[in-house]
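Here's the structure, in structure tokens; my notes come after.
The values are calculated or read from the model by the stated rules, or taken from the named source; none is laboratory data. The shown structure was predicted, so the numbers you read here are calculated from the model rather than taken from an experiment. Don't worry about glycine lacking a Cβ; one is built from the backbone with ideal geometry, like all the others, and counts go over all protein chains shown.
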Amino acid sequence: MENILRPLTVVGGSVLLTLVIGWATDLLLRKADGRHPETPLWGLLRRARIPYQLLLCAALLRGSYIEARVFPAHRGLIGHILTLVLIGSAAWLVVRIAAAIVETSYTSYAHARAQRDPARVRRVRTQVSLIMRVVSAVVGVVAVSSMLLTFQEMRTAGASLLASAGVLGIVAGIAAQSTLSNMFAGFQIAFGDMVRIGDTVVVDGEWGTVEEVTLTFLTVRTWDERRITMPVSYFTSKPFENWSRGTPQMTGTVFWYVDHSAPVDAMRERLRDILRSCPAWDGRAYNLTVTDTTPNTMQVRALVTAKDADDIWTVRVEVRERMIRWLADEHPYALPRVNTADAALPPGRDRLRKHSPDGAARRVPYQPVRGTPH
């Protein structure tokens with residue numbers, strides 16, 4: 001009977017005590033979250049209750065499993081397994097707590113400066129995300145290393161590993177040269193303020209928004225919902241356009257090709273009316289000028305402004321569409337057309353013209369007057 005009650009008491013008591021402590025801790029966090037709604041820290045810490053309870057249970061069992069007298073022949077193996085679980089749950093708990101603290105700090109900062117300096121908020125968000133990835137990687141490496149050191153064979157091989165660390169470091173550096181360069185580029189991007197999460201960029205002719213920045217790659221979400229994944233080293237070695245750098249305000253251009261008889265002054269007035277009824281226009285400036293001509297058309301360019309890249313796109317497409325519709329309805333002669341009429345000759349060249357019976361002008365070869373010197 002004792003052989004059954006003792007294991008049940010030890011294991012059941014450890015599990016029950018873990019559940020009670022976990023419930024009490026969660027209750028305290030809920031009360032703290034209700035008393036301090038201005039900070040999300042206590043609510044975020046509740047996400048760590050699973051690794052917290054796993055850590056408690058592993059610690060209690062690690063300290064009391066000997067008293068259970070279960071599988072005495074495998075006592076060392078059971079203790080080793082509990083030690084591995086203890087190390088893993090501790091690393092998991094540290095990552096969750098660090099994530100809660102960092103997220104709380106970022107949320108407080110974002111709420112305080114979201115309206116005044118959104119570019120700075122995006123920069124801090126990029127740095128915070130990379131810092132959390134670094135912390136997770138460091139904690140994971142330390143946890144795995146600690147687990148490996150619990151094996152006798154690994155401790156024995158430790159001296160030889162340290163002795164050859166220099167050679168292995170050189171070999172690893174050569175083999176992982178591109179990976180290391182991307183990692184350093186990731187730090188350079190995060191803390192050098194080159195590109196941030198939420199920035200509007202143009203890379204390889206593709207326009208989109210930076211969606212994710214890691215230590216090795218960067219994801220750009222295009223306007224048509226595609227994702228372009230690029231190594232972060234691209235942004236430190238090649239030029240790219242960052243439309244969110246500095247102020248997000250932008251100036252856009254709209255081009256039309258119209259007939260030479262197009263009413264340019266009326267087009268200026270129509271552009272003003274279109275922009276006044278366009279919510280995306282920020283009201284800073286506009287202009288319309290003739291920038292080029294061809295034998296058949298002339299090029300008209302409009303300059304418009306908006307508060308960011310998304311609004312400038314909306315302004316451009318609306319101005320382009322409404323101006324073409326207005327020209328087609330009110331001034332159809334101003335649209336480009338192919339001229340099939342005969343060319344008008346310069347004055348004083350009537351002797352080169354001869355009219356056909358139907359009245360159409362036709363050009364005839366020049367014939368000199370007889371008796372005069374050529």
Practice task
Output the residues belonging to the stretch 223-234 that are surrounded by 14 or more Cβ atoms within 10 Å (Cβ to Cβ) and either free of Cβ contacts under 8 Å to residues at least 12 places away in the same chain or not aromatic (F, W, Y) (or both).
Solution key: I228, M230, P231, V232, S233
Fill in the blank from the handout: Q115 passes all but one of the listed conditions (1) at pLDDT below 70; (2) assigned to a helix (DSSP H, G or I); the exception is number (2)
Exercise for the section: Report yes if R245 is more than 11 Å from the chain's Cα centre (by Cα), modelled with pLDDT under 80 and of a type in the set (K, R), otherwise no. Expected result: yes
Exercise for the section: Would you check if I50 is within 16 Å of A99 (Cβ to Cβ), assigned to a helix (DSSP H, G or I) and in the same structural domain as I78 (by TED's automatic domain parsing)? Expected result: yes
Completion exercise
Turns out the helices (runs of 4 or more DSSP H) fully within the stretch 227-336 with at least 1 residues that are farther than 17 Å from V202 by Cα are 264-276, 309-330
